[in-house]
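All remarks here apply to the structure that follows.
The values are calculated or read from the model by the stated rules, or taken from the named source; none is laboratory data. From a predicted model like this one, the values you see are computed outputs, not experimental measurements. Methodologically, a virtual Cβ is constructed for each residue, glycine included, from the backbone with ideal geometry; neighbour enumeration extends over all protein chains shown. Quick note on the areas: whole protein, heavy atoms, side chains included, nothing else; ligands and nucleic acids left out. Shrake-Rupley method; radii C 1.70, N 1.55, O 1.52, S 1.80 Å.
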Amino acid sequence: MPSAPTPATEVRTDAAAAPRKASRRFDPHRFGPLLGLALLLVVGTALNPDFATWDNLMNVLTRTAFIGIISIGMCFVIISGGIDLSVGSMAALIAGGMILVMNALAGSIASPVAVVAIGMVFAVTLGGGFGLMHGYLITRGRIEPFIVTLGTLGIFRAVLTWLADGGAITLDNSLSDAYGPVYYASLLGIPIPVWVFILAAVAGAVLLNRTPFGRYVQAIGSNEQVARFAAVDVDGVKLLTYGLLGVCVGIATLLYVPRLGSASPTTGLLWELEAIAAVIVGGTSFKGGEGRIAGTIIGAVLLSVISNILNLTSIISVYLNAAVQGCVIIAVAFLQRRRP
Amino acid sequence: MNPQNADLRNANPRSGLHVAFDGITKDFGAVRVLHGVGFDLHPGRVHGLLGENGAGKSTLMKILAGYHAPTAGTIRIDGQPTRFAGSRDAEERGIVLIHQELNLADDLTVAQNMFLGHELRRGWLLDDRAMRVQAAQALRQVGFDGDPDTKVRDLIVAEKQLVEIAKAQLRHARLLIMDEPTASLTPSECERLFGLIARLRDDGVTIVYISHKLDEVERITDEVIVMRDGRFVARAPTAETSRRRMATLMVGRELTDMFPEKRTVPPSATPLMAVRDVTVPGWAEGVSFDLHPGEILGFAGLVGAGRTELFEGILGLRPRSAGRIELNGKAVRLRTPREAMRHGLTYLSEDRKGKGLHTSMRLRDNLTLMTLRHHAHPLLSHASEDAALARAVTAFGIRGDPGGTAASLSGGNQQKLAIAKFLEPDPRVFVLDEPTRGVDVGAKRDIYFLIERLAAERRGVIVISSELIELIGLCHRVIVMRGRRVTATLPADRLSEEELIAHAIGTHTRH
Ligand SMILES: Nc1ncnc2c1ncn2[C@@H]1O[C@H](COP(=O)(O)OP(=O)(O)OP(=O)(O)O)[C@@H](O)[C@H]1O
Ligand SMILES: [Mg+2]
C-alpha cells in the first residue's frame with residue numbers, strides 16, 4: 001500500500017481548541033437498553049392488543065415500582081464499587097417488622113392513619129439503619145461487601161421466619177382500609193407507587209449527576225485510591241450509599257405491604273437479583289465508576305415488561321419467565337461489552 | 001554494525017529490526033494526532049525520540065507495537081509492509097514496548113507479572129520455579145534486588161518501573177521501545193539501565209528511547225528524532241546536537257532561561273508549616289523541618305529514602321507513630337487528606353495514574369473533585385465547573401480535548417491537569433512529588449515558573465524530586481533524606497549535584 005499523502009490543506013490539530021464532537025459519538029451504553037425496551041414494546045403490541053392499554057401499562061409500572069426503587073439505591077452502591085445481596089431479605093424483615101409495630105400500636109392509638117404513618121416512618125428508619133450497619137461493617141470493619149451482605153441475607157430472612165414462626169405476619173384488619181390506598185389509590189390516573197417511583201428516579205438522577213455526593217460516588221468506584229488522595233471522605237460516602245439503599249428498600253417495602261397485607265418467608269424472594277439485574281441491564285458497569293439512573297429505570301421496566309408479555313401471550317410458557325429475563329440480561333451485557 | 005545494512009538481519013536471531021514509517025496518520029475520533037509521519041529506525045542504534053507533550057510520540061510507538069492501528073500509512077519491517085493484529089502479534093516479531101504509564105497487575109507477584117501471558121509450563125501445570133529463577137535473573141540485570149514473589153502492590157513506583165524493564169528483557173526484544181523509562185528512577189538505577197541499553201545496542205537490538213530528560217538523551221542515544229504536532233521535524237546525530245538545539249527543535253522556538261530568578265525568602269516570625277520529630281514506621285524516622293511563607297523547599301534522596309512515604313504519613317494516609325505538625329503556628333491533627341486540605345495543605349502524588357487522576361473520568365470532573373462544594377449551590381453547576389476547567393486550561397496550557405477523559409491526554413498534559421487539580425483548593429502549603437515527571441522542556445519551564453509564582457504569593461511549596469538540576473535551580477533550601485532520616489539541610493548557596501549526591505548516598509565526609 002502506498003503511503004497516504006498528507007494534503008497541504010489539512011487542518012492542524014490545535015488541541016486546545018479541539019472540537020468536542022469526538023466525545024459525543026453514538027454511545028451504545030446509553031441507548032442500548034432504551035432500544036431494547038422499544039423493541040419489546042413493539043413486540044408486545046403486535047402479540048396482544050391488550051398490551052398497549054393504559055391499564056396494563058400502569059399495572060406493569062406499579063409492579064416495577066418496588067424493584068425499581070430498590071435498584072435506584074442499588075445503582076449508587078454498584079457505581080461506588082460495592083454490592084448488596086441482602087435487599088430481598090431486608091425487605092421481608094422490614095415488612096414483617098412494620099406490620100408487627102403497626103398491629104401493636106393499633107390497640108393504643110385510635111387513628112389508623114396515624115398508626116400507618118408511624119409504621120411507614122419505622123420502615124424507612126429500619127431500612128436506613130440496616131443500610132448504615134452494612135456500610136459500617138464494610139468501611140470500618142474492612143469486610144468485603146459481598147461477604148457482609150451475604151451474611152445479612154441469611155440473617156434477615158431467618159429472623160423474619162422466626163418472628164412469623166414459619167408462617168405469615170398479617171396486618172390487623174382495622175388498618176387495611178387506612179393503608180390500602182398507598183398501593184391501590186391513584187392520582188391523576190397514575191397509581192401511588194408509580195408516583196413514588198417517578199419521584200425516587202428524579203431524586204436519584206439529581207443526586208447522582210448534580211450533587212457532590214454523586215460525583216464522589218463515581219470517583220470512588222472509578223478509583224478509590226485516587227479519590228482518597230483527592231481528599232474525598234471515602235468511608236463516609238460509602239456508608240451513605242448503603243444507608244441510601246436501605247432507605248430505598250424501606251420505601252419499596254412500605255409500598256408493597258398493603259398489596260398483600262402480610263409478610264412471609266417468601267416476601268421479597270430474589271429481589272436482590274432483579275434489582276442488580278436492572279442496574280446492570282441499564283448500562284452501569286459492574287466494576288463501578290460509571291452508571292446511570294435512567295438506564296437503571298429502563299432496565300427495571302424492561303425486565304417486568306418481559307414477564308408481562310409472557311403473561312399476556314402464550315408463545316412462551318410463563319414458567320420460563322426467569323429464563324427469558326436471563327437471556328435478555330446476557331444479550332444486553334453482550335451488546336454493551338467494552339472492547340479490550 | 002552498519003546501520004544502513006538491513007540484510008544482516010538474519011545473521012543473529014537477536015539482531016535488531018529495521019523499521020520504516022511511511023506516511024503514518026492516526027485519528028482519534030475527529031482529532032488527528034499524527035499527520036503522515038515518516039522516518040527510519042536502524043538496528044544497533046539508540047534513537048532518541050523527542051517532542052513536546054502531545055506531539056504523538058507514544059501514539060506512534062503504540063502503532064509500531066501493535067496497540068493501535070494506523071488510520072493511514074505503512075510500516076515496513078525489514079522491508080516488508082507489516083500490519084499487526086495486536087500487541088501480541090508485534091511481540092512475536094520481537095517488538096516490545098515499555099509503556100509510559102505502568103501496566104502491572106497489582107495483585108500478582110513480580111514474577112507472575114513478568115510472565116503474564118507468556119507463562120512457562122511443564123505439561124499442564126505452570127512451572128513456577130523456572131519462572132521465578134528467570135525472573136530473578138532478569139531483575140538482577142536491571143538492578144532490582146527484591147524478591148520476585150513480592151506482590152506488585154507492595155512495590156514503590158521506581159521498583160515497578162524496573163520490573164517493567166526486566167519484563168521486556170525476558171521477551172528477547174529485537175526492537176525495544178522505552179517510553180520515559182527513567183521517569184521515576186534515581187541516578188544509580190539510571191546508570192544500570194544505561195549499561196543495559198548499551199549492551200543491547202551492542203547486541204544489535206534496535207532501540208527507541210523517549211525521554212524529556214535531555215541530559216540522558218545526550219548521553220545514551222546515537223541519534224535524535226524530533227516530532228512536533230504529530231509531524232516528523234528533524235533527525236540528527238546526537239553528537240552534533242546540543243541540548244539547546246534539541247529543545248529548540250522540539251518547541252519550535254528559542255527557550256530562554258529554564259528557571260525563574262531566585263527571590264530571597266522574606267523573613268517570617270512563624271513558619272507556615274512546622275514538622276517536629278515525625279515518624280512514619282518503616283519509612284521515616286524523627287523528621288523535623290520548617291517551611292516559611294514564600295519558600296520553595298526541596299526534598300532530595302534516593303528512591304526508598306522515604307520522602308513520598310513521609311508526606312503520605314503527614315497527610316494521614318499512612319500510620320504516624322510520633323511527632324507534631326503545626327500549620328500557621330497552630331498544632332493540627334491531620335488524619336485524612338480531607339483534614340489536611342481544610343488546613344490548607346494539599347499533596348500531589350508521584351503516582352499520577354494510581355493516586356493523582358481518575359484516568360477514566362473527564363477533565364472537568366477531575367479538576368473540580370476537591371472543590372465540588374464551590375460549584376454546588378446546592379446542585380452542581382456544570383457551567384461553573386466548565387468555567388473552572390476553561391481557566392485551568394488557559395492558566396496551565398493543558399492541550400487536549402477538554403471534553404475527553406484524562407486518559408486521552410498525553411502524559412505531560414495529564415501532569416498539568418493534576419497540578420491544576422491540587423491547586424483548586426487554593427492551598428497555603430503545596431507539596432509536589434516529582435512535579436515534572438514526563439513533562440516536556442517547555443512545559444517543565446512553565447511548571448517551574450508556576451511554582452515560583454505560587455511561592456511569590458507567599459505560599460509554601462515543597463518539591464520532592466529525583467532531578468537534582470531541578471532542585472538546584474528552583475529551591476531555596478533542600479533537605480536530603482537517606483535511609484528514613486534527614487541527613488542534611490542545604491541552603492541555596494551550597495546546592496550542587498556533588499553535594500546532594502554525597503548526602504543522599506552517604507559518602508559525605510563532615511568538615
Ligand atoms: N486514546 C486517545 N483518544 C483520544 N486522543 C488521544 C488518545 N491517545 C492520545 N491522544 C491524543 O493524541 C495526542 C498525542 O498523544 P501522545 O500520547 O502520543 O503524546 P506524546 O508525544 O507521547 O506526549 P508525552 O510526552 O506527554 O507523553 C495528544 O493530543 C493526546 O491528547
Ligand atoms: Mg507519551
What does the accessible area of B:Asp107 come to, in Å² to the nearest 10, when a probe of 1.4 Å is used?
90
For B:Lys213, list the lysines whose Cα falls under 16 Å from its own Cα; do not include residues on the same chain fewer than 8 positions away.
B:Lys57, B:Lys444
One finds, for B:Arg245 and B:Arg391 with R0 = 30 angstrom and r their Cβ-Cβ distance, a FRET efficiency to the nearest 0.05 of 0.30
Straight-line reach check, B:Lys160, cutoff 19 Å on alpha carbons, 8 or more apart in-chain or any other chain, hits among lysines -> B:Lys151, B:Lys353, B:Lys355
Rounded to the nearest 10 Å², what accessible area does B:His292 show when all protein chains are kept and the probe is 1.4 Å?
50
Using the alpha-carbon atoms, what tilt in degrees (0 to 90, nearest 10) does helix A:112-139 show relative to the longest principal axis of chain A?
50
How far apart, in nm, are two points set 7 Å out from the Cα along the Cα-to-Cβ line at A:Met133 and at B:Ser268?
5.1
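Place a +1 charge on the Cβ of each Lys and Arg in the protein assembly as shown and a -1 charge on the Cβ of each Asp and Glu, then give the dipole magnitude about the Cα centre in debye, rounded to the nearest 20. Mind showing how you got there, number by number?
Numbers: 89 positive and 81 negative charges, 111 e Å.
So the dipole magnitude of the protein assembly as shown works out to roughly 540 debye.
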Report the local net charge at B:Met481: Lys and Arg +1, Asp and Glu -1, summed over other residues whose C-beta lies under 15 Å from its C-beta.
-3
Taking the 0 to 90 degree range and rounding to the nearest ten, how far is the long axis of helix A:192-210 tilted relative to the main principal axis of chain A, both from C-alpha atoms?
40
Work out the charge dipole of the protein assembly as shown with +1 on the Cβ of Lys and Arg and -1 on the Cβ of Asp and Glu about the Cα centre, then indicate which of A:Gly82, A:Ala123, B:Leu255 is farthest towards its positive end.
B:Leu255
What do you get for the angle between helix A:212-222 and the principal long axis of chain A? Use alpha-carbon atoms, 0 to 90 degrees, nearest ten.
70
What does the accessible area of A:Cys248 come to, in Å² to the nearest 10, when a probe of 1.4 Å is used?
20
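What value, in deg cm²/dmol to 500, does the helix sum -39500 (n - 2.57) over DSSP H runs of n ≥ 4 give at 222 nm once divided by the residues of the protein assembly as shown?
On the way: 29 runs with 397 residues, N = 851.
-15000 deg cm²/dmol, from helical runs alone.
All other residues with a Cβ under 11 Å from the Cβ of B:His118 taken together, and with Lys, Arg as +1 and Asp, Glu as -1, what is their net charge?
Values: positive: B:Arg88, B:Arg121, B:Lys167, B:Arg171; negative: B:Glu91, B:Glu92, B:Glu119.
Net local charge, B:His118 excluded: +1.
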Under a point spin-label approximation (7 Å from Cα along Cα-to-Cβ), what is the A:Thr211-B:Arg171 distance to one decimal in nm?
4.7
Restricting to aspartates and glutamates and to Cα separations under 14 Å from A:Lys238, and discarding same-chain partners fewer than 8 apart, the set is A:Asp84, A:Glu144, A:Glu224
Going 7 Å from the Cα of B:Arg335 in the Cα-to-Cβ direction, what parts of the stretch B:308-324 have a backbone nitrogen less than 19 Å from that spot?
B:312-324
Net charge near A:Ile169, counting Lys/Arg +1 and Asp/Glu -1 over other residues with Cβ under 15 Å of its Cβ?
0
Nitroxide proxy distance, nm - points 7 Å out along Cα→Cβ at A:Ala333 and B:Arg453
5.0
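Which sequence of B:Thr186, A:Thr161 reflects their accessible areas, 1.4 Å probe, from the largest down?
Values: B:Thr186 5, A:Thr161 45 Å².
Per-residue accessible area, sorted high to low, gives A:Thr161, B:Thr186.
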